[in-house]
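Participant: What follows is a structure written as structure tokens; I'll ask about it next.
A short reminder: the numbers here are calculations on the coordinates, not readings from a lab. Since this is a predicted model, take the numbers as computed values, not measurements. Note that each Cβ is placed from the backbone with ideal geometry, even for glycine, and that neighbours are counted across all protein chains shown.
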Amino acid sequence: MRCELIAVGTELLLGEIANTDAQVISRGLAELGINVYHHTVVGDNPARLTQVLETAKSRSDIIITTGGLGPTADDLTKETIAACFGKKLYMDPEQQQRLHARMSSNMTPNNEKQAMLPEGCEVLVNDWGTAPGCAFYADGCHVLMLPGPPSECTPMFQYRARPYLERMCCDGQVIRSRFLKIFGMGESAVEDQLAYLMNSLQNPTAAPYAKEGECEVRVTARAESEQAAYAMIDPVVGEIRQVLGDVVYGVDVTSLEEVVVRGLIERGLTLATAESCTGGLLGKRLTDISGSSACYLGGVVSYANEVKAGVLGVRGETLQAHGAVSPETAIEMARGVRRITGADIGISTTGVAGPGGGSPEKPVGTVYIGLCAPGIETVIKPEFRKTANRSRIRNSTASSAFDLIRRQILRAQD
């Protein structure tokens, strides 16, 4: 099946917002085995949208649009698509009632426009916003309309569009996937380790994907039920974990910091951070995780040597003899933040993130991460490509710090 995504919105063309909907939907379609051949962005202009739709009709089996379903005058996606496919719009009484119930006293006449839908369509109920989506089959195409805001589009695709596509395009079967998250091994090395397995699989299938600073392996199966699909997937997941070992930090998890937070909470442990080159990034990523207050006590951003010494207690002679970017300073920072917060675990980062500040002895990308906990003191020096920029170095340093906690503390407590 050939699919085309059409994002409607002048704000996308102007660069005011990023088209994250396309990324989410494309990934979901790939899991379903549906090929996406074209991405198109068009402004809020009926004539240009009609041109785009006519082109899409001529080359695609599935057209998915995002945006233009709201109540304002420039929200014309439904009207334009209905005209292009020769369908009339009707006021759906159930969706009209839902709008009134949801908006209550804020309901204005133009909002009822959102309940106007193409005749003969399947309504995709929007439990995350006001504008419903819809789907229909006409002129040899499955057409699906989804709202534009990512907070609505993402769940609408997952819980409304995806079941429709499975039913209409997957011969009544379901397609399910699990994702193995990997840190500490690149995509090419993962593929080399798993080549024997990936080359022999047909259903389920396994494929590696490179991510920012890490990679993942997606295992996908097609079966008559969700339970049957996962029964096919799970043995493959188990074999991959056995082959790759502890570089696999989780299955169906969002991030290293999520694994760390959940692991700390399960074990009743607390964590504190002492950051120099990462400038608070560890704390930010930890507190992005809901519930992290149960394990994360706080941190010190000790960019200046005076703060390293005056707050964290790094000795003057250490800074004088070894410098701020050194394994000796890293471990004293970790000890210090553990001491002043009372945390079970102290983690520190110090380094040269660039683009300036490097030296022949300590070039850009020289980073040390220290960890201090009962019975454990260790320092690691992550390696970076010479082409790594400041952002990559900082983000990868934070991920390396979380991976160090995962490996040295959480694993030791099992």
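Participant: Residues of segment 327-353 with backbone nitrogen within less than 12 Å of a virtual label 7 Å along the Cα-to-Cβ line of ARG267, please, listed as ranges.
Facilitator: From segment 327-353, the list is 344-346.
Participant: Roughly speaking, what is the stretch gain from HIS39 to ASN199, that is 0.36 nm per residue apart minus the C-alpha to C-alpha distance, in nm to one decimal? Display every interim value, and only then the final one.
Facilitator: Numbers: separation 160, 0.36 × 160 = 57.60 nm, distance 2.99 nm.
Gain in length upon complete extension: 54.6 nm.
Participant: Can you tell me which aspartates and glutamates have their Cα less than 20 Å from the Cα of LYS113? Leave out same-chain residues fewer than eight positions away.
Facilitator: ASP44, ASP74, ASP75, GLU79, ASP92, GLU94, GLU122, ASP127, GLU152
Participant: OK, next. Check the chain for me: any Cys whose beta-carbon has no other cysteine beta-carbon within less than 4.7 Å?
Facilitator: CYS3, CYS84, CYS141, CYS153, CYS169, CYS170, CYS215, CYS277, CYS295, CYS372, each lacking another Cys Cβ under 4.7 Å.
Participant: While we're here: Once you keep just the Cα pairs under 8 angstrom separated by 6 or more residues, what percentage relative contact order results for segment 174-251? Write out the running numbers ahead of the final one.
Facilitator: Working: 129 pairs, mean separation 35.0, N = 78.
For segment 174-251, the relative contact order is 45 percent.
Participant: Enter the Cα centre distance for the pair segment 278-301 and segment 353-389, rounded to the nearest angstrom.
Facilitator: Going from one Cα centre to the other spans 20 Å.
Participant: Under a point spin-label approximation (7 Å from Cα along Cα-to-Cβ), what is the TYR159-MET103 distance to one decimal in nm?
Facilitator: Label-label distance for TYR159 and MET103, simple model: 2.2 nm.
Participant: LYS308: which lysines have alpha carbons under 21 Å from its alpha carbon, excluding same-chain residues fewer than 8 sequence positions away?
Facilitator: Straight-line reach from LYS308, under 21 Å: LYS284, LYS362, LYS381.
Participant: Taking K and R as +1 and D and E as -1, what net charge do the other residues with C-beta under 11 Å from the C-beta of VAL337 add up to?
Facilitator: It works out to a net charge of +2.
Participant: Starting from the Cα of SER293, step 7 Å along the direction of its Cβ; do the same at GLU31; then give the gap between the two resulting points in nm.
Facilitator: Distance between the two pseudo-spin positions: 3.1 nm.
Participant: Would segment 2-169 count as rounded, prolate or oblate if I go by the C-alpha gyration tensor, calling it rounded below 1.5 in a/c and otherwise prolate when a/b exceeds b/c, oblate otherwise? All intermediate terms of the calculation are to be shown ahead of the outcome.
Facilitator: Values: a/c = 1.39, a/b = 1.34, b/c = 1.03.
Since a/c stays below 1.5, the shape of segment 2-169 is classed as rounded.
Participant: Now a separate question. For the chain, give me the percentage of DSSP beta bridges that are antiparallel, rounded to the nearest 5 percent. The partial results should precede the final answer.
Facilitator: Working: 41 of 68 bridges.
Counting DSSP beta bridges with both partners in the chain, the antiparallel share is about 60 percent.
Participant: Can I ask one more? When only C-alpha pairs under 8 Å and at least 6 residues apart count, what is the relative contact order of the chain, in percent?
Facilitator: Details: 776 pairs, mean separation 40.7, N = 414.
That works out to 10 percent.
Participant: Alpha carbon centre of segment 179-235 versus segment 84-159: separation in Å?
Facilitator: Measuring centre to centre over Cα atoms gives 36 Å.
Participant: Could you work out the helix-only [θ] at 222 nm for the chain, with each DSSP H run of four or more residues adding -39,500 (n - 2.57) and the total divided by the number of residues, to the nearest 500 deg cm²/dmol? List each step's numbers first, then the result.
Facilitator: Numbers: 15 runs with 160 residues, N = 414.
Mean residue ellipticity at 222 nm (helix-derived): -11500 deg cm²/dmol.
Participant: Is the chain best put as rounded, prolate or oblate by its Cα gyration tensor, with a ≥ b ≥ c the root eigenvalues, rounded for a/c under 1.5, and otherwise prolate when a/b is larger than b/c, oblate when not?
Facilitator: On the way: a/c = 2.40, a/b = 1.89, b/c = 1.27.
Here the chain falls in the prolate category.
Participant: In which sequence would CYS215, CYS170 go, from the one with the fewest C-beta neighbours within 10 Å to the one with the most? Show your work: numbers first, answer last.
Facilitator: On the way: CYS215 22, CYS170 16.
Neighbour counts put them in this order, fewest first: CYS170, CYS215.
Participant: What percent antiparallel are the DSSP beta bridges of segment 256-413, to the nearest 5? Don't skip to the end; give the middle numbers.
Facilitator: Numbers: 11 of 21 bridges.
Of those bridges, close to 50 percent are antiparallel.
Participant: Another question, if that's okay. Give, as a single signed number, the net charge of other residues whose beta carbon lies under 14 Å from the beta carbon of PRO132, with Lys and Arg counted +1 and Asp and Glu -1.
Facilitator: On the way: positive: LYS78, ARG98, ARG102, LYS113, ARG160; negative: ASP75, ASP92, GLU94, GLU112, GLU122, ASP127, GLU152.
Surrounding charge for PRO132 is -2.
Participant: Oh, and also: At a 10 angstrom cut-off on C-beta neighbours, averaged per residue, how do the peptides 320-326, 7-13 rank from highest to lowest? Each step should come with its number before you reach the end.
Facilitator: On the way: 320-326: 16.0, 7-13: 19.0.
Per-residue Cβ counts within 10 Å, averaged per peptide and sorted highest first, yield 7-13, 320-326.
Participant: Quick check: residue separation of THR55 and VAL243 times 0.36 nm, minus the Cα distance between them. What number comes out in nm?
Facilitator: Working: separation 188, 0.36 × 188 = 67.68 nm, distance 4.67 nm.
Stretched out fully, the THR55 to VAL243 stretch lengthens by 63.0 nm.
Participant: Hey, another quick one. Based on the mean of other Cβ atoms within 10 Å per residue, sort peptides 191-197, 392-398 so the most packed one is first.
Facilitator: Working: 191-197: 14.1, 392-398: 22.1.
Going from most to least packed, we get 392-398, 191-197.
Participant: When DSSP beta bridges are limited to those with both residues in segment 2-169, what percentage is antiparallel, rounded to the nearest 5?
Facilitator: Numbers: 11 of 28 bridges.
Around 40 percent of the beta bridges assigned by DSSP in segment 2-169 are antiparallel ones.
Participant: Name the residues whose placed amide hydrogens come within less than 5 Å of the amide hydrogen of LEU124, ignoring near sequence neighbours (fewer than 5 apart) on the same chain.
Facilitator: Here the answer is GLY133, CYS134, ALA135, since their amide H atoms fall under 5 Å of that of LEU124.
Participant: Using a cut-off of under 16 Å, list every residue of segment 153-169 whose amide N is near the label point 7 Å from the Cα of GLU122 along the Cα-to-beta-carbon line.
Facilitator: Those under the cut-off are 156-169.
Participant: Turning to a different aspect of this structure: Can you tell me which aspartates and glutamates have their Cα less than 12 Å from the Cα of LYS211? Leave out same-chain residues fewer than eight positions away.
Facilitator: The reachable aspartates and glutamates, counting only those whose Cα sits under 12 Å from LYS211, are GLU187.
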